[in-house]
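So the structure is just underneath, and the comments pick up after that.
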Amino acid sequence: MKFFIDTANLADIREAQDMGILDGVTTNPSLMAKEGITGKDNVMRHYKQICEIVEGDISAEVISVKYDEMIKEGEELADLDENIVVKVPMTADGIKAIKYFSEKGIRTNCTLIFSAGQALVAAKAGASYVSPFVGRLDDISTDGMALIEQIVTIFTNYGYTTEVLAASVRHPMHIIQCAEVGADVMTAPLSVIKALLNHPLTDSGLAKFLADHEKAALPVKQ
Ligand code: E4P
């Protein structure tokens with residue numbers, strides 16, 4: 001399963017990249033706003049900076065909601081770097097834009113997926129990725145992980161090459177469950193990825209190893 005980081009924060013992206021396990025980055029307008037990135041030039045510069053840090057797919061989301069504007073914005077984003085994947089919302093105009101981009105060889109990530117039907121339509125339009133939002137479904141007492149599993153099954157049944165990118169991942173168990181149900185990619189904040197490293201028995205075990213090592217190095221009393 002590929003690990004993407006879900007942030008526009010350059011320090012977090014660098015830290016995850018330095019861990020050596022990062023396969024890509026997802027951003028969205030809220031994450032860009034959180035970093036105070038506004039204005040077209042700044043947004044474009046920021047995506048370029050992300051592309052310089054990470055050798056992998058970088059999802060850059062269009063702000064436009066009308067087909068013609070999505071095409072223009074998406075083409076400008078795609079021109080930034082070969083690793084840019086144009087992130088398009090799940091709407092009728094978005095699906096039409098995904099079809100257009102896929103015919104032009106521009107890769108896309110269909111975002112804001114909350115049902116299997118939406119994912120199926122996006123795959124048929126030629127999306128490179130679909131992004132079902134696990135955490136936001138869980139937030140409304142709906143099983144987000146069941147949706148990931150359902151989409152994986154449907155894509156496998158028909159051999160769709162569209163990758164299932166589990167988004168809105170909120171805690172380490174989401175990551176484990178994504179791997180169990182066969183998501184192609186999961187995207188999570190740095191804190192959630194780092195939480196995978198932790199176990200109290202690892203900490204106490206390491207402390208004991210080091211203490212024993214120190215004890216053995218002490219001079220033996222005659
Ligand atoms: C993916 O890029 C999504 O936009 C993101 O994972 C949404 O996460 P949230 O539901 O925690 O905002």
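What residue, of 50, 58, 21, 5, is farther than 15 Å from residue 109 by Cβ and touching a strand residue (DSSP E or B) at 6+ places or on another chain (Cβ under 6 Å)? Spell out how you get there, then give the answer.
Values: 50 fails: farther than 15 Å from residue 109 by Cβ; 58 fails: farther than 15 Å from residue 109 by Cβ; 5 fails: farther than 15 Å from residue 109 by Cβ.
It is 21.
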I'd like the full set of residues that are away from the ligand (no atom under 11 Å from the Cβ) and closer than 17 Å to residue 138 by Cβ, limited to region 180-194.
180, 181, 183
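Can you tell me which residue in region 84-96 is surrounded by the fewest Cβ atoms within 10 Å (Cβ to Cβ), limited to those that are in a helix (DSSP H, G or I) and in contact with a Lys or Arg (Cβ under 9 Å, 6 or more places away or on another chain)? Reasoning before the result, please.
Quick first cut of region 84-96, residues in a helix (DSSP H, G or I) only: 92-96.
Going one step further and asking which of them are in contact with a Lys or Arg (Cβ under 9 Å, 6 or more places away or on another chain), we end up with 93, 95.
Working: 93: 17, 95: 21.
Among them, the one singled out is 93.
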So which of 177, 118 is free of Cβ contacts under 8 Å to residues at least 60 places away in the same chain and either within 15 Å of the ligand (Cβ to nearest atom) or over 16 Å from the mean Cα position of the chain (by Cα) (or both)?
118
Residues of region 98-126 being buried (at least 24 other Cβ atoms within 10 Å of the Cβ) and closer than 17 Å to residue 24 by Cα, in sequence order, are 108, 109, 110, 111
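Kindly indicate whether any position in region 133-144 is farther than 16 Å from residue 98 by Cβ, part of a loop (DSSP other than H, G, I, E, B), out of contact with any Cys (no Cβ under 8 Å at 6 or more places or on another chain) and among the aliphatic types (A, V, I, L, M). Give the steps one after another, and end with the answer.
Residues of region 133-144 farther than 16 Å from residue 98 by Cβ: 133-144.
Imposing the further condition that a residue be part of a loop (DSSP other than H, G, I, E, B) reduces the set to 140-143.
Now restrict to residues that are out of contact with any Cys (no Cβ under 8 Å at 6 or more places or on another chain): 140-143.
Checking which are among the aliphatic types (A, V, I, L, M) leaves us with 140.
Yes.
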Within region 64-75, how many residues turn out to be under 23 Å from residue 185 (Cβ atoms) and part of a loop (DSSP other than H, G, I, E, B)?
0
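Conditions tested, residue by residue: (1) within 14 Å of the ligand (Cβ to nearest atom); (2) touching a Pro at 6+ places or on another chain (Cβ under 9 Å).
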| site | (1), (2) |
| --- | --- |
| 101 | no, no |
| 113 | yes, yes |
| 130 | yes, no |
| 135 | yes, no |
| 138 | yes, no |
| 141 | no, no |
| 144 | yes, yes |
| 158 | no, no |
| 171 | yes, no |
Filter result (surrounded by 13 or more Cβ atoms within 10 Å (Cβ to Cβ) and of a type in the set (Ser, Thr, Tyr)) within region 17-43:
26, 27
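If you scan region 22-59, which residues turn out to be within 19 Å of residue 132 (Cβ to Cβ) and within 11 Å of the ligand (Cβ to nearest atom)? Steps first, please.
Going residue by residue through region 22-59, those that are within 19 Å of residue 132 (Cβ to Cβ) are 23-31, 57, 59.
The answer is 24, 25, 26, 27, 28, 29, 30, 31, 59.
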Please specify each residue of region 1-43 satisfying the condition of being part of a loop (DSSP other than H, G, I, E, B), touching an Asp or Glu at 6+ places or on another chain (Cβ under 6 Å) and among the small types (Gly, Ala, Ser).
8
What is the one condition in (1) in contact with a Ser or Thr (Cβ under 7 Å, 6 or more places away or on another chain); (2) over 30 Å from residue 199 (Cβ atoms) that residue 169 does not satisfy?
(2)
Quick check: is even one residue across region 81-88 in contact (Cβ under 8 Å) with a residue 60 or more places away in the chain and charged (D, E, K, R)?
yes
Which of the numbered conditions does residue 94 fail, given that it passes all the others? Conditions: (1) within 16 Å of the ligand (Cβ to nearest atom); (2) under 22 Å from residue 37 (Cα atoms).
(2)
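Condition check ((1) within 28 Å of residue 152 (Cα to Cα); (2) part of a loop (DSSP other than H, G, I, E, B); (3) modelled with pLDDT of 95 or more) across all residues:
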position: 45; (1), (2), (3): no, no, yes
position: 58; (1), (2), (3): yes, no, yes
position: 77; (1), (2), (3): no, no, yes
position: 82; (1), (2), (3): yes, yes, yes
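The values are calculated or read from the model by the stated rules, or taken from the named source; none is laboratory data. Bear in mind the structure is a predicted one, so any value in this text is a computation, not a measurement. So basically every Cβ, Gly included, is an ideal-geometry build from the backbone, and we count neighbours across all protein chains shown.
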